[in-house]
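Notes for the one structure printed next.
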Amino acid sequence: MASISPYGKRFISYIRQSQIRRLVGSGVRIDGRTPHQLRDVSIRTNVVNTADGSAEALLGKTRVVAGVKVGLGQPFPDTPDEGVLIVNAEILPHASPYSEIGPPDETAIELARVVDRGIRHSGFVDFKKLAIDQNKVYVLWVDLYVLNDDGNLVDAANLAALAALRSTMLPSAVKDEAGVKLDRNNKTALPSDLSKAPIAVSIGKIDSRIIVDPNLEEELSLDGRITITIAQDSIVSMQKTAGYFTEQELWQAVDLAYSIRDKLRDVLLKSLV
Amino acid sequence: MASISPYGKRFISYIRQSQIRRLVGSGVRIDGRTPHQLRDVSIRTNVVNTADGSAEALLGKTRVVAGVKVGLGQPFPDTPDEGVLIVNAEILPHASPYSEIGPPDETAIELARVVDRGIRHSGFVDFKKLAIDQNKVYVLWVDLYVLNDDGNLVDAANLAALAALRSTMLPSAVKDEAGVKLDRNNKTALPSDLSKAPIAVSIGKIDSRIIVDPNLEEELSLDGRITITIAQDSIVSMQKTAGYFTEQELWQAVDLAYSIRDKLRDVLLKSLV
Amino acid sequence: MASISPYGKRFISYIRQSQIRRLVGSGVRIDGRTPHQLRDVSIRTNVVNTADGSAEALLGKTRVVAGVKVGLGQPFPDTPDEGVLIVNAEILPHASPYSEIGPPDETAIELARVVDRGIRHSGFVDFKKLAIDQNKVYVLWVDLYVLNDDGNLVDAANLAALAALRSTMLPSAVKDEAGVKLDRNNKTALPSDLSKAPIAVSIGKIDSRIIVDPNLEEELSLDGRITITIAQDSIVSMQKTAGYFTEQELWQAVDLAYSIRDKLRDVLLKSLV
Amino acid sequence: MKQPPVPLLVEGRRADGRAPDQMRDVRISVGVISNADGSAMVSYGNTTAVAAVYGPREMHPRHLSLPDKAVMRVRYHMAPFSTKDERKNPAPSRREIEISKVLREALEPAIFLEQFPRSRIDVFVEIVQADGSTRVASLTAASLALADAGVPMRDLVIGVSVGLVNGVVVLDLNGLEDNYGEGDMPVGYMPNLGRITLLQLDGAWSRDRFAEAVKLAVKGAEYVYGKAREALKAKYFEIAEEVAK
Amino acid sequence: MKQPPVPLLVEGRRADGRAPDQMRDVRISVGVISNADGSAMVSYGNTTAVAAVYGPREMHPRHLSLPDKAVMRVRYHMAPFSTKDERKNPAPSRREIEISKVLREALEPAIFLEQFPRSRIDVFVEIVQADGSTRVASLTAASLALADAGVPMRDLVIGVSVGLVNGVVVLDLNGLEDNYGEGDMPVGYMPNLGRITLLQLDGAWSRDRFAEAVKLAVKGAEYVYGKAREALKAKYFEIAEEVAK
Amino acid sequence: MKQPPVPLLVEGRRADGRAPDQMRDVRISVGVISNADGSAMVSYGNTTAVAAVYGPREMHPRHLSLPDKAVMRVRYHMAPFSTKDERKNPAPSRREIEISKVLREALEPAIFLEQFPRSRIDVFVEIVQADGSTRVASLTAASLALADAGVPMRDLVIGVSVGLVNGVVVLDLNGLEDNYGEGDMPVGYMPNLGRITLLQLDGAWSRDRFAEAVKLAVKGAEYVYGKAREALKAKYFEIAEEVAK
C-alpha cells in the first residue's frame, strides 16, 4: 500500500566500503575480477516443469529463476491486436538478510519494469502473433524469482526472462460456444526473434572508474549505477539507479555496455542451443 | 484496513492552548478575529483542466482543491433512476506535519462523507437527470484534495465541491452496439440548482463561547465542535466532531450557522459569475 | 497480507504453568475437572434473527456464535453440481486481551478451515441439493464469531456451526429474465443429515497424560494438542496444533475422541429438538 | 422518493405499532464477556450491540502514546450476518470507520482520560443484529462496558435516534424507518450533565423540527438511562450475592 | 465423486507405476542458497520445495520478542508458476497461511528455542513445482535448512504424506492422487525420538485405516530420513574437502 | 505502431507549434504551501506538479533510522483528476512506486544527508494535471521545495524530458508525444556540477540519437534552471519586502 520510497535498508561497514573503493581505484576488485570482467554466467532452460516456459540464470552467486505462465485476457485498449506481457518480480525472503516478506517492494517493482521495458521495446517477442480474436489475446505472465541476491539482479533476471520466453510453449487456443480456452496438451513455440534479444548491462562507477556486473557489496559502495539495455544496434532502455554520471562517464558506460552485451548474448545463445 | 479510531495524533502545547482559550474568553482570537468573524474566503473554478469540473477554495491558509471526473456505472439498487455521487477526500501529506501517507484515514473519510451527505440531501445536483438508461447512469467522482490544513477543512472542502460541481461539464453519452461510451468532445453543463446549494458551517466552543471557522490551533483547543449544513431553509446535515454541547449552546450554534451560511453563500455565488 | 506465522502472542506465567502441569500429573485440573471431563456445554439455535440460520455454543466460558447467510454463486469448477460452503472465523477483539483488530489471523483461519473440512467430508450437508442450475448454486456463508475465548475454540465453533446449519432456512431461488434471485419470504429447511454430523474433539497432553477440552490456561501449558473430528464411524479430519504425540499417545487420543464425541453429539441432538 | 413496502405511519401509529415518542423494547445486560475488563449487551428492539472494554492498559507502539492522558481507541463493526438480505462483507467499510470516530468522540468527553497517561483504553463494539439505530445502541453499550470496567466517568453517555417520518418526529428509528423516512438524527446524551456528545443529522429539517427532535432525544435518553441504571444495579447485586455466598 | 482422468490404481500399481508403499524419487540438496544461514532443496518426484533459514537474529520490533526464548517465524508460499494450468496469484491464500502455521508448530518441538531469548529464527519455504505433498516436502526442506544453519535441534522432522486411494492406503500422494483420492494425511515425524509433530487428515478414515496410515507414514519418514542424512553428509564432506584444499 | 490523432511534426513544427528544441511555457512558484518547511509548484505547459518538504525531522520507528545520515523519503503520486479521460484510481500504481524510487535516487546525490544522522527528510510530490513529462516536472518541483526548506544542497536538480518523434529528437514531451512518439528519455541534471542524476529511457535509440538527446536535455535543463533561479529570487525578495514592512 505504502508507495513511499525507500523501504527497508541495506548496510555495509565503512571499512569494507573503503577497501572496495580503494581496490577499484587500483584496478582490481574485491572478488579478484578486473574492472570490465563479468562473473561466471550460466543459463539453464526448462527448470520448472509446471511452467509453460522457464529458465534459471546464475551470475556469480546471484540466482534468478524465471517462470512463464500463459493465460488468456483482453488486449490493452491502445494495442487491440497484440498480446499482453506482464512481468512481476519477487525478491524472495530467501535471497538475503535484507529481504522482507510482503508484496513486491520498490526494488522488485523496478526490477520487473526495467526487464519489461527491454522486452517490450526490442521486438524480441512478436506480440502481434499473440492476438486470438477481437477481444481475446494471449497473456504472458513472466515471474522473476530471485533466490539469492549477490548483486546485479537486473542483468541476471533479464537473461532468465529471455531464456524462459524463448523456451515457452504456447498452449493452443480452442474456441467453442462457451468461449475460448487453453489446451495445454497441444502446444507450439512462442514466436520470438533471438536476433532482437534485449540484453541488459549494468555498469557501476567508483570515483570515475567504470566497472561491470557489480556484486552486492560493490553495489553498496558505488558512486553511480546504470542499466543499459541494448537490442540489435539500439539502446531500448536505460535506468540510472544510484548516484550520478557526468556526460563523459555516460558515453564510457554506453560504449562498455555495447561490448559486454556481446558477451552476454553469446552466453544466452549457447544456452538455447 | 484497520478501522479502529483514532489514527495518528496532533499536538498543541499547553501554554499555547491556554493563551488561545484565554483570548476567546475575552472576545478576541489568536489571529485577531472576533468570535463570529470568518477568515478570508476565496473560490476559483476551473483550476484543473484535465478534470470535468474543478475548483479551489481558500479559507485563510486552508486550501482545498476539488476535482470532478464523470464516469459511467450502474445505479444503486434502491435508486435505479438516479446518477451516482462518490465523494473521496485525500488529506495530502503536504498538508501539515501531522498528515501521513496511506489510504484515507478516519478524518479524511469523515470529511468526504459529511460533504457527500450535504450534497445528497440538498437537491443541489439533479440526480434524476443523470440516468442514461435502465442499467447505465452517470457517476460523479468528486475528489477533495487538501493541500494545506489550517483548520476547518469541512467548510472549505464543501465550498470547493460545490463550485467544482457547478463548473462541471458532462460528457455526452454515446450508445452503439458495444454499449455506452462517454464523448468528452461534446459536453453540457451538469444540471444543478444553485438556490439549493448546501453550505457547511463549522462552529467551535470554548467554555461557553461560540466561535466560527476555527483555525488549526483553535481546533486543538476547543471544548466542542460541530458542523451544520444548511440548504434553503433546512438543516440537511449535522456532525458533532469534538467535545460536547448543551441544548442551549446548540440553539446558539444553529442560529449562528444560519447567518454565517448567508455570507459563505454570497462568496460562492460571486465566484460563479 | 503478511502470511508469516505466527502473529501476536499469548502469555502464561511460569508459576501458573507449573501448577497446571503438576495438577494434571496428579489427576485433577486447575478448574477442578477430571482429565476426561468436559466443561459445561450448551447450544442455542436461532440467536440472530437477521441470519438465515444461527446458533450459539458455550463450552465453559468459551462462547461462539455462528451465523449462516445464504447467497448465490457459481459452483467450483471441479464440483459443477454442488453448492458452495464458505466458512470464515473472526476472533473478536472482545474475546481476550490477546485478540487484535484486523483481518483474520492464522489462528482464525485455521479455526475456519478445520471446521470447514469436517463439514465438507462428513456428508452432513447435502451439497448436491444446493445446485440450482448449470451456473448457479447456493452459497452457504458460515461466519464463526468468537465472543469470549477461554480455550478450545474449535470444538465450540464446530458445534455452533452444525447447529446453525441445522437451523438454516434456505430462501427459495426465483428465476426470471434478469436471472436468479433469492426470495427470503419463502424458505425451506437446508437439507442436512444429523446422523452424519461431524463432531470435533480436541485433546491435550501434559507429559503423557491425556486431557479433553483444555481451557485457555491449559492450552498455554500443553505438550501436545490435536483436534480429531469424527462423523459416524470415520475420522473425517485431524489437526495437530501444538507440540507432539507419540504413536502410542495418538491411539489413546483417538480412542478418547470417539467416546467424547458421543457426549458432544448428545448435547447437539438435545439442543435441536 | 423511495416507496416503503408498508405505510410508515397510520393514524399516529408506526408500522410496528409504536407511538411516535416510544422506544422499542430496551434490553440491557452488563458483564456478558468474562475475559473483558468490562462489557455490555444492549438491544433496542431487533438491534443488538455487544461492547467490550480492555484497559487502561499499556500502549504499543510507545510512540503513539500520549504523555498527559490515555489514548482511547474505539471500533464499531457489523457482523456479516447482522444485516437483512445479503451477507455483509466483513472488511470495515467507510461507514464503519466514520462511526468508530463519531463514537470515540462521543465517549471521550465522559472519561477522565488524564488519569491514565501513556496508556490506552480499548472499546470494541460489534453489531450482532441490525434493525436501525445501531450506532446509538452501540454508544449505550460502550458506555456501560466502560462503567463495568470501572473506568472513571463523568456520566454515562446514552444513545438514541430520532427521525422524521411522514413529517412527524419519531423516537428510535427501526430499519424500515431508517430506509424510508425523510431524516435521521442519532444523539448521544449525558443525562446528569445535560451534555450532547454525539449529534449527527441528515435529511431536511426545519429549525423547528430540529428543536423538537432534540427534545424528544433527551426524553428518550432519559428513559434508556433508567434501564441502564437497573442493569448496572443488577450486575452489582449479582456480585454482592456471589460475595455473600 | 470426481472421476480421475486415468485410473488411480490398477492391480496394485499406482498411475505413475509405484507400489502403494513406495515414495517417489527423493532428491535432496543442502546449502543451495549462499546468502542464507542454512538452506535446502527437497524434491519428492515433481514436487520441489526450497527452504532458507536466517537466524537466530535480532527481533524487530522489540515488543514482539519473547524474554525466555526465540520466536520462530515460518512462511510457506507457492510460486505463481508452480501449479499446473493457471498461474497462481502470488498473494498469500488462506491455505498458505494455515500451512505456515502448521509447519511452524511441526518445527517448534524440534528446536531448542529457549537457548535464544529475545531473538528470532526465520524459516522461508517456497514451492517451485507442485505435484502433491507440498507441505511435507516443505517440512523436510525446512528441517534440513535449520540443521544446515547450525540451529540446535532435538531431531530432524521429516515430512511424508499418506493417502487413501480406491480404499488402499498409499504413501507420498502425487497431485493426481491428491485431487481424486478419498483421503489425505500429511505427517511430520522425528525418526530418532518417534514423535509426530505434524498431523493433518481429511477424507473419511476408519480407525483401522488410520492406524495403517500412521505405520506407513513412519516407514516412509524413515526412508526419507536416510536420504536426508546422506545429503547432510554430502554437504559436510564438501566443506571438509574445501577446507582440505 | 499506434497512429496519432494529429501529425506530431509538420515542417519542423510540433503539434502544439513548438520547435523541436523548445520547452513549453515554464511556470514556477516557491513557497505555495504554508504549513510545509518548503514547497514549490512547477508547470511545464499543462503538466503541474506540487511538491512539499518536511524535515529534517525525527524518524519513527527508530530502528529504520540510519546512524550516519538522514533517510530521505520520496512519494510521487497522481491526483485522480489529473489524467485525461477516466478518473485515475488513487491507490499507488507500480508505475508511481517506481517513479518515487527514481526521484529519490535523483535527489539523494544533491543533498548533504550526512549532516542529519538519525533523522528523515520527506518529499511529497503530487501531480495535479498531467500532460506528459510529469516525473521531470516533479523533480524540479522537489528540488526547489528542498531549497525552499533550507536543506543544504550541492546543486539544484532540474528535470526535463527528451523524446524521439518521427525520428527527430525533441525537448519536453507533452502527453500526445509521450503516447505516440518512438522514444522517451527523462533526465535529471545538476546545472552547476554537470551531473546527471536521473536517466531513464525507452524506445529504440541509436547511439547517435542518444548522444543528441543528452545534449538537448542539458540545454533544456539549463533553460529551466534560469526560471528556477528567478522563482527562488522572487520568493527571497517577497520575504525581504515583508521583513522591510
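The values are calculated or read from the model by the stated rules, or taken from the named source; none is laboratory data. Just so it is clear, the model here is predicted, and its values are computed rather than measured. So basically every Cβ, Gly included, is an ideal-geometry build from the backbone, and we count neighbours across all protein chains shown.
Observations on the model:
- Residues of region D:83-103 classified as surrounded by 20 or more Cβ atoms within 10 Å (Cβ to Cβ), under 16 Å from the mean Cα position of the chain (by Cα) and not acidic (Asp, Glu), total: 6
- Which numbered condition C:Pro103 fails, given (1) surrounded by 19 or more Cβ atoms within 10 Å (Cβ to Cβ); (2) more than 26 Å from E:Gly203 (Cα to Cα): (1)
- Answer residue from region D:9-60, given it is more than 21 Å from D:Thr140 (Cα to Cα) and of a type in the set (Asp, Glu) and is surrounded by the most Cβ atoms within 10 Å (Cβ to Cβ) among those: D:Asp16
- For region A:261-270, the condition holds for no residue, the condition being that it is touching a Leu at 6+ places or on another chain (Cβ under 9 Å) and either without any contact (Cβ under 8 Å) to a residue 24 or more places away in the chain or within 14 Å of chain F (Cβ to nearest Cβ) (or both).
- The residues listed here are A:Pro97, A:Pro104; of these, the one that is within 19 Å of the chain's Cα centre (by Cα) and free of Cβ contacts under 8 Å to residues at least 40 places away in the same chain is A:Pro104.
- Total residues in region B:8-32, condition free of Cβ contacts under 8 Å to residues at least 40 places away in the same chain, surrounded by 12 or more Cβ atoms within 10 Å (Cβ to Cβ) and in a loop (DSSP other than H, G, I, E, B): 1
- Contact map, region C:226-247: residues that are touching a residue at least 12 places away in the same chain (Cβ under 8 Å) paired with residues that are in a helix (DSSP H, G or I) and of a type in the set (Asp, Glu), Cβ distance under 7 Å, separation 6+ or inter-chain. Pairs shown: C:Thr241/E:Glu105; C:Ala242/E:Glu105.
- Enumeration of residues in region F:95-108 that are under 22 Å from B:Val146 (Cα atoms) and either outside any helix (DSSP H, G or I) or among the aliphatic types (A, V, I, L, M) (or both): F:Ile97
- A single member of C:Arg33, C:Arg63, C:Arg44 is under 24 Å from the mean Cα position of the chain (by Cα), modelled with pLDDT of 95 or more, within 12 Å of another protein chain (Cβ to nearest Cβ) and under 27 Å from C:Asp262 (Cβ atoms), and it is C:Arg63.
- Among the residues of region E:39-47, some residue qualifies, meaning at least one is within 13 Å of chain A (Cβ to nearest Cβ) and out of contact with any strand residue (DSSP E or B) (no Cβ under 8 Å at 6 or more places or on another chain).
- Condition check for E:Ser93: more than 11 Å from chain A (Cβ to nearest Cβ), closer than 20 Å to E:Gly175 by Cβ and either out of contact with any strand residue (DSSP E or B) (no Cβ under 8 Å at 6 or more places or on another chain) or not aromatic (Phe, Trp, Tyr) (or both): yes
- If you check F:Glu212, F:Glu241 for being part of a helix (DSSP H, G or I), free of Cβ contacts under 8 Å to residues at least 40 places away in the same chain and of a type in the set (Asp, Glu), only one passes: F:Glu241.
- Region B:157-173: number of residues that are under 10 Å from B:Val142 (Cβ atoms) and not hydrophobic (A, V, I, L, M, F, W, C): 1
- Residue within region B:117-131 that is assigned to a loop (DSSP other than H, G, I, E, B), at pLDDT below 95 and in contact with a strand residue (DSSP E or B) (Cβ under 6 Å, 6 or more places away or on another chain) present: no
- Complete set of residues in region D:185-198 that are surrounded by fewer than 24 Cβ atoms within 10 Å (Cβ to Cβ) and either on the phi < 0 side of the Ramachandran plot or in contact (Cβ under 8 Å) with a residue 40 or more places away in the chain (or both): D:Met190, D:Pro191, D:Asn192, D:Leu193, D:Arg195
- Screening region A:227-249 for residues that are closer than 15 Å to F:Asp208 by Cα, surrounded by fewer than 23 Cβ atoms within 10 Å (Cβ to Cβ) and facing chain F (nearest Cβ under 7 Å) and picking the one that is modelled with the lowest pLDDT gives A:Asp233.
- The single residue among C:Asp143, C:Asp155, C:Asp133, C:Asp149 that is in contact (Cβ under 8 Å) with a residue 24 or more places away in the chain, acidic (Asp, Glu) and surrounded by fewer than 23 Cβ atoms within 10 Å (Cβ to Cβ) turns out to be C:Asp133.
- Boolean, A:Pro104 is closer than 22 Å to A:Val139 by Cβ and modelled with pLDDT under 95: yes
- Residues that are within 11 Å of chain C (Cβ to nearest Cβ) and either in a helix (DSSP H, G or I) or modelled with pLDDT under 95 (or both) were ranked within region E:109-127; the one that is surrounded by the fewest Cβ atoms within 10 Å (Cβ to Cβ) is E:Arg120.
- Within the set F:Ala106, F:Ala70, F:Ala79, F:Ala130, the sole residue that is surrounded by 17 or more Cβ atoms within 10 Å (Cβ to Cβ), more than 14 Å from chain B (Cβ to nearest Cβ), touching a residue at least 40 places away in the same chain (Cβ under 8 Å) and within 18 Å of the chain's Cα centre (by Cα) turns out to be F:Ala106.
- Extreme residue, farthest from the other protein chains (Cβ to nearest Cβ), among residues of region C:87-107 that are in a helix (DSSP H, G or I) and closer than 20 Å to D:Tyr76 by Cβ: C:Ala95
- The sole residue among E:Asp202, E:Asp208 that is surrounded by fewer than 19 Cβ atoms within 10 Å (Cβ to Cβ) and more than 13 Å from the chain's Cα centre (by Cα) is E:Asp208.
- When residues in region F:135-183 are screened for being out of contact with any helix residue (DSSP H, G or I) (no Cβ under 8 Å at 6 or more places or on another chain) and in a helix (DSSP H, G or I), 10 of them pass.
Quick grid of which residues meet (1) touching a strand residue (DSSP E or B) at 6+ places or on another chain (Cβ under 9 Å); (2) modelled with pLDDT under 95:
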| residue | (1), (2) |
| --- | --- |
| F:Leu201 | yes, no |
| F:Glu212 | yes, no |
| F:Ala217 | yes, no |
| F:Glu222 | yes, no |
| F:Lys227 | yes, no |
| F:Ala231 | yes, no |
| F:Ala234 | yes, yes |
| F:Phe237 | no, yes |
| F:Glu242 | no, yes |
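- E:Arg87 touching a Phe, Trp or Tyr at 6+ places or on another chain (Cβ under 9 Å), within 10 Å of chain A (Cβ to nearest Cβ) and outside any strand (DSSP E or B): yes
- Residue in region F:5-28 that is touching a Ser or Thr at 6+ places or on another chain (Cβ under 6 Å) and closer than 26 Å to F:Glu230 by Cα present: yes
- Looking only at region F:168-215, residues that are among the basic types (Lys, Arg), facing chain A (nearest Cβ under 7 Å) and farther than 19 Å from F:Asp155 by Cα come to 1 in all.
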